[in-house]
2 protein chains.
Amino acid sequence: MARNTTVPADLSAPPITSILAKFVSGHASRGWSDAVDHEAHRTFYNWLGCAVGAAKHEAADAAIAAVQMLQPAPQATVLGRAEKVDMASAALVNGITSHTFDFDDTHLKTIIHPAGPVASAVLALAEKNGMGGREVIDAVVLGIDVACRIGNTMYPDHYDRGWHITGSTGMLGAAAGCARLLRLDEQKTQMALGIAASQPVGLREQFGTMTKPFHPGGAARAGLMSALLASRGFTASPRAIEAPRGFVQVASDKRAWNEVTDELGQRFEISFNTYKPFACGIVIHPSIDACVQLKDKGVTPEQVERIELRVHSLVLELTGKKEPKDGLQGKFSVYHGCAAGLIYGRAGEEEFSDHVVNDPRVVETRNKVVATVDDSIDEASVHVAALLKDGRRIEVHVEHAIGSLQNPLSDKQLEGKFNQLVVPVLGDAKAREITAACWELGAMADVRKLTALCRP
Amino acid sequence: MARNTTVPADLSAPPITSILAKFVSGHASRGWSDAVDHEAHRTFYNWLGCAVGAAKHEAADAAIAAVQMLQPAPQATVLGRAEKVDMASAALVNGITSHTFDFDDTHLKTIIHPAGPVASAVLALAEKNGMGGREVIDAVVLGIDVACRIGNTMYPDHYDRGWHITGSTGMLGAAAGCARLLRLDEQKTQMALGIAASQPVGLREQFGTMTKPFHPGGAARAGLMSALLASRGFTASPRAIEAPRGFVQVASDKRAWNEVTDELGQRFEISFNTYKPFACGIVIHPSIDACVQLKDKGVTPEQVERIELRVHSLVLELTGKKEPKDGLQGKFSVYHGCAAGLIYGRAGEEEFSDHVVNDPRVVETRNKVVATVDDSIDEASVHVAALLKDGRRIEVHVEHAIGSLQNPLSDKQLEGKFNQLVVPVLGDAKAREITAACWELGAMADVRKLTALCRP
């Protein structure tokens with residue numbers, strides 16, 4: 001077998017597709033700890049908020065307009081909008097909106113945003129079939145485990161060579177979740193995974209365009225269709241993931257098969273999922289966190305003479321823009337992030353809008369921020385000192401920013417983020433009802449109760 | 001930029017996505033020779049016959065059953081069947097059926113089967129919109145040019161590492177063809193190509209399963225949707241094909257950009273398309289061709305004492321099965337191929353059915369075939385001698401088998417192949433009408449006249 005890559009074909013890979021099919025089809029419902037089950041609820045809730053939040057974005061408008069050209073049957077909800085479309089198109093669009101603000105979940109070990117492909121496919125299929133919340137949560141846990149374990153197998157080589165790993169593992173996670181929902185047996189689940197293996201979606205070159213969020217959407221759609229095809233007898237290679245010309249070996253020189261098999265069914269990758277508190281790159285998060293803490297200590301922008309940051313050099317390399325002109329540039333300005341944190345106590349999508357970035361009070365505040373490089377400080381940390389006009393000096397040290405694995409958002413904080421996203425689209429009352437429904441999702445008899453709340 | 005492959009990122013690639021967008025959106029209708037235009041008609045006609053021929057295959061049944069779960073609107077025809085489905089699903093299913101028998105066209109330089117992704121997408125979209133045959137032919141020529149030129153850029157490395165190149169270039173060809181049909185401007189065509197670049201479909205590991213023909217179908221669907229998305233303002237990287245983290249560099253170490261740019265708009269890759277006369281791997285074709293010629297010389301199986309083949313060693317390596325037990329095994333038996341050629345004068349899908357492979361007259365005939373390896377004979381050639389019971393010896397030497405680029409099927413022979421495939425599904429009269437319609441496709445005012453004929 002001719003191969004021009006550095007790494008030869010691995011002819012002795014374990015039967016990964018088969019192992020995962022057995023796991024997905026056979027693992028007990030809620031066969032994990034309460035902590036894992038709760039994390040699944042948090043993952044789902046955060047994903048739903050992100051999707052609803054971006055429902056009116058121009059990427060959503062364009063995607064829905066294209067889908068409408070297929071005259072789709074009204075099977076499933078486009079979250080946050082009045083339209084219903086066929087379930088495969090709903091998986092696509094909800095996957096797109098959930099990643100549009102770059103505000104969704106992150107499996108830090110692989111930089112996969114796992115809920116986008118998996119939850120988007122699973123909820124659309126469950127809504128169409130009127131299934132229960134327990135089955136949805138089970139499918140989300142198992143689907144995310146499949147996507148992230150395949151990610152662990154290939155990361156970083158697969159990502160380094162240019163694949164957007166969220167969409168190029170997500171089709172397997174979505175297929176797994178949907179196969180589980182459809183109660184496919186082991187053999188058909190293996191076929192679903194096999195069909196999906198031929199359909200990775202995503203190139204890093206697309207970052208900064210609508211095709212970036214298209215990747216989780218496309219992966220959701222591909223995984224859902226793979227499960228439907230398998231359910232009707234469509235076949236694929238039983239070794240489509242691991243064979244020498246199967247997905248992993250074709251798309252990565254790193255093939256750490258043990259990442260699939262180690263503690264399978266005991267350790268769940270969803271345990272390592274994190275949720276962004278701020279709608280920007282993670283490198284600014286410690287600084288924003290510190291400034292929110294200053295506000296919480298009663299510091300107002302008008303009291304402040306100067307804010308001094310000590311940060312790792314990477315922070316200024318990536319986000320050192322002193323005079324951002326619009327919302328997008330604001331996401332690359334640690335100065336703007338600090339101003340938003342101090343003034344508003346938050347930095348959601350709204351705080352990265354053009355008008356906030358150009359608000360005179362915001363501009364005045366960010367001009368008071370001075371950043372110094374100090375590489376003894378970790379990338380994930382910051383030291384902030386506020387010098388007040390009355391001579392006081394108030395210091396905040398952030399070791400692990402809010403939203404990191406070491407310092408996760410509390411459920412209450414997650415609700416705060418959700419409301420920032422959802423209230424402007426669906427209003428207060430619905431946001432409250434959806435929140436209550438999501439925390440109880442595992443006990444919901446029919447998820448259509450939830451999806452009905454997600455339409456205006 | 002970290003890369004673990006042998007070949008570093010190419011930071012100076014020409015603007016391939018832009019160049020192709022300009023070409024696809026701007027090239028004149030029928031801006032090529034009559035020979036190219038006629039080849040496009042042959043390509044389309046051959047593709048249509050293959051798709052109709054496999055319309056009742058279990059892969060088609062399974063795919064349609066899955067698609068029906070989306071309750072699709074009846075926008076476009078599933079060729080050879082009564083069902084109409086949404087145009088994206090029609091592109092998928094027709095792409096699947098066109099490749100199910102492995103009997104479709106081949107661009108020999110890349111082993112791409114180009115019509116599957118391109119024509120399947122283009123016809124479904126044209127039918128939905130009631131467009132003319134001229135636009136369809138234009139879109140097929142341009143779409144195939146895009147797919148095959150990208151294939152030339154990456155082949156063989158891309159194929160060697162395990163990509164099924166038909167589906168991993170076909171999404172670009174389908175997007176190009178559909179962008180042309182939709183009359184997208186240069187900028188939107190560039191976006192369509194960009195969106196498609198994130199969606200390659202196909203692994204060689206799937207060979208021998210239904211997911212192999214899924215690849216052209218999936219590519220057709222992806223390309224069609226990419227054009228629809230671009231038409232509604234969805235964005236992608238303008239350098240999605242050629243950038244360091246764009247499709248070609250991510251999926252291949254060979255990046256011969258000149259294969260896109262050389263003689264673009266003057267030389268058309270569809271000129272190099274070929275059509276299989278026999279429903280099996282190309283390595284047996286010379287032997288079958290020779291035995292058909294024996295039959296044409298009046299030789300009957302009963303007259304024959306022995307048939308002696310001199311073949312390249314590859315022929316027996318790949319197709320040396322002496323006692324095939326079923327139709328699929330028959331495709332890997334040069335002995336069976338020779339028997340079919342001598343008895344029936346053809347070797348279509350029917351001659352590779354289980355009952356033909358086990359027919360006593362066929363078994364008796366293939367037992368008379370003796371093959372000898374002679375590596376002075378080219379892989380594409382064969383020397384056959386029939387020793388008759390009356391002592392005569394009749395020899396046939398085939399230098400280039402029928403269906404090769406050097407010895408293409410005539411239009412009449414293509415009609416013979418088409419009828420083998422289509423008559424059993426749609427009957428004689430419709431096969432004749434479709435044939436007439438296809439040869440005049442470039443002049444047809446509305447392709448719905450053709451698609452109506454393709455339903456039973």
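A point 7 Å from Cα along Cα→Cβ stands in for A:Thr372, and the other copies hold the same point at 9.2 nm, listed in rising order. Put a dot 7 Å past the Cα of B:Gln71, heading toward its Cβ, do the same for A:Ala82, and the two dots end up 1.9 nm apart. Positive end of the dipole of chain B (Cβ unit charges, origin at the Cα centre): among B:Phe278, B:Ala371, B:Gly133, the Cα lying farthest that way belongs to B:Gly133. Computed on chain B, with alpha-carbon pairs under 8 angstrom and 6+ residues apart, the relative contact order is 20 percent. With a Förster radius of 22 Å applied to the beta-carbon distance between B:His38 and B:Leu108, the computed FRET efficiency rounds to 0.70.
A 1.4 Å probe run over segment B:81-196, with the rest of the protein chains in place, finds 16 Å² accessible per residue. Counting only other chain Cβ atoms within 10 Å of each residue's Cβ, the peptide B:191-203 averages 6.
To the nearest whole number, what is the average tally of beta carbon atoms from other chains within 10 Å of the beta carbons of peptide A:66-77?
Details: counts 12, 6, 2, 13, 13, 7, 6, 5, 1, 3, 0, 0.
Mean shielding count: 6.
Extension gain for the segment B:Arg392 to B:Asp10, taken as residue separation times 0.36 nm less the Cα-Cα distance, is 131.1 nm to one decimal.
Around the Cα centre of segment B:125-181, unit charges on the Cβ atoms of Lys, Arg, Asp and Glu (plus for the first two, minus for the last two) sum to a dipole of about 100 debye.
Name the residue from A:Gly246, A:His355, B:His164 whose Cα lies farthest towards the positive end of the charge dipole of the protein assembly as shown, charges +1 on Cβ of Lys and Arg and -1 on Cβ of Asp and Glu. With unit charges placed on the Cβ atoms, the residue in question is A:His355.
Around the Cα centre of segment A:282-398, unit charges on the Cβ atoms of Lys, Arg, Asp and Glu (plus for the first two, minus for the last two) sum to a dipole of about 340 debye. Straight-distance candidates among the lysines for linking to A:Lys321, with alpha-carbon spacing under 18 Å and chain neighbours fewer than 8 residues away dropped: A:Lys331, A:Lys368. When the alpha carbon coordinates of segment B:273-321 are projected onto the principal axes, the ranges are 34, 25, 15 Å, largest first. When the accessible areas of B alone and A alone are added and the area of the pair subtracted, with a 1.4 Å probe, the result is around 5500 Å², both sides summed. May I ask you to derive the FRET efficiency for A:Val370 and B:Asp262 from their Cβ-Cβ distance with R0 = 35 Å, giving the value to the nearest 0.05? Result of the calculation: an efficiency of 0.05. Output the pairs from A:Lys212/A:Lys322; A:Lys22/A:Lys84; B:Lys22/B:Lys417; B:Lys56/B:Lys412; A:Lys188/B:Lys128; A:Lys276/B:Lys212 with a Cα-Cα distance over 29 Å in this structure; if there are none, say none. Going by Cα-Cα distance, A:Lys22/A:Lys84; B:Lys22/B:Lys417; A:Lys188/B:Lys128; A:Lys276/B:Lys212 fall outside the 29 Å limit.
Put a plus charge on the Cβ of each Lys and Arg, a minus charge on the Cβ of each Asp and Glu, and nothing anywhere else: the dipole of the protein assembly as shown about its Cα centre is then about 1040 debye.
Across segment A:279-341, Cα pairs under 8 Å and at least six residues apart give a relative contact order of 46 percent.
In the frame of its principal axes, segment A:282-398 has Cα extents of 32, 30, 19 Å, reported largest first.
Of the listed peptides B:212-222, A:82-92, what is their order by residue-averaged count of other C-beta atoms within 10 Å, with the highest listed first?
The packing order, highest mean first, is B:212-222, A:82-92.
Suppose accessible area is computed on protein heavy atoms with a 1.4 Å probe; arrange A:Arg149, A:Arg255 from highest to lowest.
On the way: A:Arg149 0, A:Arg255 30 Å².
Output order, biggest surface exposure first: A:Arg255, A:Arg149.
Just to verify a number: FRET efficiency for B:Leu314 and A:Asp296, C-beta to C-beta distance, R0 = 56 Å, to 0.05? Efficiency, from the Cβ-Cβ distance: 0.15. The loop-placed GluC sites (Glu not before Pro) in segment A:378-430, going by DSSP, that have at most 16 neighbouring Cβ atoms within 10 Å of their Cβ come out as A:Glu379, A:Glu399.
Round to a whole number: what % of the accessible area of the protein assembly as shown belongs to carbon and sulfur, probe 1.4 Å?
The nonpolar share, carbon plus sulfur, comes to 51 percent.
Could you work out the relative contact order of segment B:282-398? I mean the mean sequence separation of Cα pairs under 8 Å and 6+ apart, divided by the number of residues, in percent.
Numbers: 241 pairs, mean separation 47.3, N = 117.
It comes to 40 percent, rounded to a whole number.
The alpha carbon radius of gyration of segment B:43-116, expressed as a multiple of 2.2 N^0.38 Å, is 1.09. In nm, to one decimal, how far is the modelled label at B:Leu328 from the one at A:Asp428, with both set 7 Å along Cα→Cβ? Inter-label distance under the simple model: 6.4 nm.
Just counting partner chain Cβ atoms within 10 Å, what average do the residues of peptide B:81-91 show around their Cβ?
Details: counts 0, 0, 0, 0, 1, 8, 3, 7, 4, 0, 0.
Per residue, the average neighbour count from other chains is 2.
The values are calculated or read from the model by the stated rules, or taken from the named source; none is laboratory data. Because the structure is a prediction, the values reported are computed rather than measured. Glycine gets a Cβ as well: all are built from the backbone with ideal geometry, and neighbour counts include every protein chain shown. Accessible surface is based on the protein model in full, side chains and every heavy atom, while ligands, DNA and RNA are left aside. Shrake-Rupley method; radii C 1.70, N 1.55, O 1.52, S 1.80 Å.
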